[in-house]
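J.: Below are the structure tokens for one structure; questions will follow.
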Ligand SMILES: *Cc1c(COP(=O)(O)O)cnc(C)c1O
């Protein structure tokens, strides 16, 4: 999915591989990361939480594999990938110097390869996928469920009206624990546009956490991208996923 910002630059929420960035300067990226971390700490305090409550994930899809060492040098700790191949290529280069999550649409046949490579899958969007993860997992596996908060037909994720039933069904899968919800907001140039969806998802997660206490923890909220991470953190995000905005600032 691509959309033009008012300044003519392109927002790209799926894979726009032509836009893959090279030439990342670790020192510049470190400065940009520090700024974002400060903003996240302030937003966490604003929401009555500890300053370290929001984890910064760098969305890796715009970053060429050969740039991965620059991420490590800049102090990045957590990267989210949308594709198995990118994950494999980057891990082949830097080993376990970075922790990886999976944030893109995941095909069932790739679950076996992806699982041992990542800390957390953010994007469980079907019962078939949940089943495959439970089947392939060694021991208990914690995942996030992707919510299509705006009920956009073109987007993946479970629509809010089906979320309760989805979690009930997923609860039949013995080794699967729902660790929280993930949401990909609608493209916008005004961060405030996302606030209502974020707060709705947070409230939904809280009520589900009460219902499923002892079975699912539902404590993580993965929400907010470059366009709205501060608003997301104010509304209770525990993980924000920044790609383009961050990488552009870190370029030479
Ligand atoms: C690309 C991507 C992001 C980051 O979006 P930016 O607009 O580049 O900050 C976050 N989450 C997912 C699932 C993505 O694919």
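The values are calculated or read from the model by the stated rules, or taken from the named source; none is laboratory data. All of these numbers come straight from a predicted model, not from anything done at the bench. FYI the Cβ positions are ideal-geometry reconstructions off the backbone, even for glycines, and counts take in every protein chain you see.
J.: It is to be established whether one or more residues within the range 217-230 are away from the ligand (no atom under 12 Å from the Cβ), within 22 Å of residue 159 (Cβ to Cβ) and buried (at least 22 other Cβ atoms within 10 Å of the Cβ).
T.: yes
J.: Sticking with this structure for a sec: Given the options 146, 152, name the one that is in a strand (DSSP E or B), within 26 Å of residue 242 (Cβ to Cβ) and free of Cβ contacts under 8 Å to residues at least 40 places away in the same chain.
T.: 146
J.: Right, here's the next one. Within the range 195-216, can you find the residues that are away from the ligand (no atom under 16 Å from the Cβ) and more than 15 Å from residue 163 (Cα to Cα)?
T.: 195, 196, 199, 213, 214, 215
J.: Considering only the range 50-64, state which residues are surrounded by 14 or more Cβ atoms within 10 Å (Cβ to Cβ) and free of Cβ contacts under 8 Å to residues at least 60 places away in the same chain.
T.: Once the filter is applied, which keeps residues that are surrounded by 14 or more Cβ atoms within 10 Å (Cβ to Cβ) and free of Cβ contacts under 8 Å to residues at least 60 places away in the same chain, the range 50-64 yields only 64.
J.: Considering only the range 175-183, I want to know if a residue exists there that is at pLDDT below 95 and assigned to a loop (DSSP other than H, G, I, E, B).
T.: Yes, the range 175-183 has at least one match.
J.: Sticking with this structure for a sec: Only one of (1) in contact with a helix residue (DSSP H, G or I) (Cβ under 7 Å, 6 or more places away or on another chain); (2) part of a strand (DSSP E or B); (3) away from the ligand (no atom under 16 Å from the Cβ) fails for residue 192. Which number is that?
T.: (2) is the only condition that residue 192 fails.
J.: Filter the range 239-252 for residues that are in a loop (DSSP other than H, G, I, E, B) and crowded, with 21+ Cβ neighbours inside 10 Å; which is nearest to the ligand (Cβ to nearest atom)?
T.: The selected residue is 243.
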